[in-house]
Amino acid sequence: NTTARLAVLRGILRAHGVHAYIVPSTDAHMSEYISERDARLGWLSGFTGSAGTAVVTRDEAALWTDSRYWSQAERELDCNWELQRTTSIESIGTWILKTVPAEGNVSLDPFLFSIDTWNSYSRALHGSGRTLLPLETNLVDQAWGDQRPPPSSSEIYSLPAEFTGSSWQEKVAGIRQRMERHVRRPTAVLLSGLEETAWLFNLRGDDIPYNPVFYSYTLLTNTTISLFAEQSRLSQEARQSLRSACPGPLCVELHEYGQVSAHLRRYAQGNVTVWLGTEYTTYGLYATIPQEKMLEESYSPVMTAKAVKNAHEQEMLRAAHVRDAVAVIQYLLWLQRTVPQGQVDEFSGAQRIDALRWAQEHSRGPSFESISASG
């Protein structure tokens with residue numbers, strides 16, 4: 001029953017002079033999977049699918065999702081919600097224009113929307129008299145209050161050198177070379193995608209289920225490296241590795257996660273050019289950098305470097321697949337024995353394959369929740 005939650009949110013909307021509030025299913029890093037703390041759409045609507053957008057006005061609430069989730073949404077949404085069987089921003093815009101009075105404010109958290117998505121909403125409302133109003137205070141978080149799950153407190157650890165094939169210092173040097181060779185000669189690279197920072201520094205965490213990443217940003221310049229993450233969570237080994245060359249161009253300056261916007265705003269006041277990948281950068285961060293000081297490409301040089309595996313990484317990938325194949329073969333043999341006896345269902349099957357994978361050397365768990373079916 002979402003009645004009470006919607007009532008609290010609507011009170012907050014009125015206090016901010018907002019007529020409609022858009023709630024996405026993403027986090028501040030455009031992650032495919034999100035943590036419980038970022039599941040704002042699920043908390044507000046009851047819908048637990050991985051893709052959707054909600055719009056709440058002062059007296060209506062609607063949810064847009066794709067055909068994978070229609071049956072699920074029908075089960076999970078209560079009668080406060082209207083299900084829209086599409087995901088197009090044009091459709092959301094049309095609904096907003098019908099529902100929000102002219103001169104009304106349509107608001108969102110700019111740190112939860114990609115640059116492209118922001119631009120699409122801007123176009124959909126352009127010339128309609130409605131104002132697209134970014135609010136850096138997240139109104140769902142305000143409504144959620146102290147019931148919102150806390151941030152992760154688990155350790156951020158270094159990946160052992162035997163798995164990487166390159167030290168983080170070598171990776172940083174490679175990215176700086178790309179900066180020098182680029183025709184625009186950018187002075188900095190901004191990393192927003194969680195796997196970019198994890199890959200660059202050979203660090204891992206478990207802030208998001210099934211993803212070995214941690215909440216972070218990186219600003220890498222020709223002479224400095226700034227890592228924005230929860231410092232208290234870094235293992236002693238990780239901290240020593242990052243700080244071993246201080247002071248100097250391979251010294252990682254550690255900042256708290258929440259300081260990235262202020263730091264970027266200060267940096268962008270100088271004679272600089274910031275290179276960023278638009279696929280993983282939110283409009284909130286993008287808007288802190290003057291347009292003429294930005295080099296935009298779909299993916300950052302870290303994302304493209306990460307995509308090309310060195311010989312050692314390829315070897316590790318093959319070895320991991322062999323270990324996984326052993327677990328799958330053990331599982332198929334177990335199924336052959338147990339299915340005829342009527343002792344296994346889809347759920348116990350999923351638990352068994354997970355257990356067999358965990359038993360393999362170096363396992364850190366599955367890459368997504370097992371999807372098992374029969375018949």
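Go through region 248-264 and give me each residue that's assigned to a loop (DSSP other than H, G, I, E, B) and under 19 Å from Ser152 (Cα atoms). Selection gives Glu256 alone.
Look at region 60-81: where a residue is surrounded by 17 or more Cβ atoms within 10 Å (Cβ to Cβ) and a partner is aliphatic (A, V, I, L, M) and part of a loop (DSSP other than H, G, I, E, B), sitting 6+ places away or on another chain with Cβ atoms under 8 Å, you get Leu63/Leu77; Thr65/Ala51; Tyr69/Ala51. Go through Thr26, Thr53, Thr57, Thr87 for me and flag whichever is β-branched (Val, Ile, Thr) and open to solvent by 50 Å² or more (accessible area, probe 1.4 Å). Testing whether each residue is β-branched (Val, Ile, Thr) and open to solvent by 50 Å² or more (accessible area, probe 1.4 Å) leaves just Thr87. If the condition is being touching a helix residue (DSSP H, G or I) at 6+ places or on another chain (Cβ under 6 Å) and closer than 24 Å to Thr278 by Cβ, then region 32-51 contributes only Arg40. In region 324-368, which residues are surrounded by 11 or more Cβ atoms within 10 Å (Cβ to Cβ), among the charged types (D, E, K, R) and under 28 Å from Asp206 (Cβ atoms)? Answer for region 324-368, where residues must be surrounded by 11 or more Cβ atoms within 10 Å (Cβ to Cβ), among the charged types (D, E, K, R) and under 28 Å from Asp206 (Cβ atoms): Asp324, Glu346, Arg352, Asp354, Arg357, Arg364. Would a scan of region 304-314 turn up a residue that is open to solvent by less than 20 Å² (accessible area, probe 1.4 Å), touching a residue at least 40 places away in the same chain (Cβ under 8 Å) and polar (S, T, N, Q)? No, region 304-314 contains no residue that is open to solvent by less than 20 Å² (accessible area, probe 1.4 Å), touching a residue at least 40 places away in the same chain (Cβ under 8 Å) and polar (S, T, N, Q).
Right, Leu6: part of a helix (DSSP H, G or I), at pLDDT 95 or above, in the same structural domain as Pro134 (by the TED database) and aliphatic (A, V, I, L, M) or not? Taking the combined requirement at face value, the residue satisfies it. I'm trying to understand the selection: among the residues of region 160-178, which are open to solvent by 40 Å² or more (accessible area, probe 1.4 Å), at pLDDT 95 or above and either among the aliphatic types (A, V, I, L, M) or outside the structural domain of Trp199 (by the TED database) (or both)? Within region 160-178, just Ala173 meets the criteria.
The condition (being within 22 Å of the chain's Cα centre (by Cα) and in contact (Cβ under 8 Å) with a residue 24 or more places away in the chain) is satisfied by just one residue among Leu250, Leu276: Leu276.
When the test is whether a residue is of a type in the set (Lys, Arg), closer than 21 Å to His19 by Cβ and surrounded by 19 or more Cβ atoms within 10 Å (Cβ to Cβ), Arg123 does not pass it. Of all residues in region 1-40, those satisfying the criterion of being more than 18 Å from Pro101 (Cα to Cα) and touching a Pro at 6+ places or on another chain (Cβ under 7 Å) are Tyr33, Glu36, Arg37.
Would you tally the residues in region 209-226 being assigned to a loop (DSSP other than H, G, I, E, B) and under 11 Å from the mean Cα position of the chain (by Cα)?
Taking region 209-226 and keeping what is assigned to a loop (DSSP other than H, G, I, E, B), we get 209-210, 212-216, 222-224.
Those left that are additionally under 11 Å from the mean Cα position of the chain (by Cα): 213-216.
Total meeting the criteria: 4.
Taking the criterion of being of a type outside the set (A, V, I, L, M, F, W, C) and touching a Lys or Arg at 6+ places or on another chain (Cβ under 9 Å), the residues of region 344-368 that qualify are Arg357, Gln360, Glu361, His362, Ser363, Arg364, Gly365, Pro366. Suppose we filter Asp78, Asp66, Asp38 for residues that are within 28 Å of Ala229 (Cα to Cα) and either aliphatic (A, V, I, L, M) or modelled with pLDDT of 95 or more (or both); which single one remains? Being within 28 Å of Ala229 (Cα to Cα) and either aliphatic (A, V, I, L, M) or modelled with pLDDT of 95 or more (or both) holds for just one of Asp78, Asp66, Asp38, which is Asp38.
The values are calculated or read from the model by the stated rules, or taken from the named source; none is laboratory data. Every value quoted in this text rests on a predicted model; they were computed, and no experiment measured them. All Cβ positions, glycine included, derive from the backbone under ideal geometry; neighbour counts span all protein chains shown. Just the protein is used for accessible areas: all its heavy atoms, side chains included, with ligands, DNA and RNA removed. Shrake-Rupley method; radii C 1.70, N 1.55, O 1.52, S 1.80 Å.
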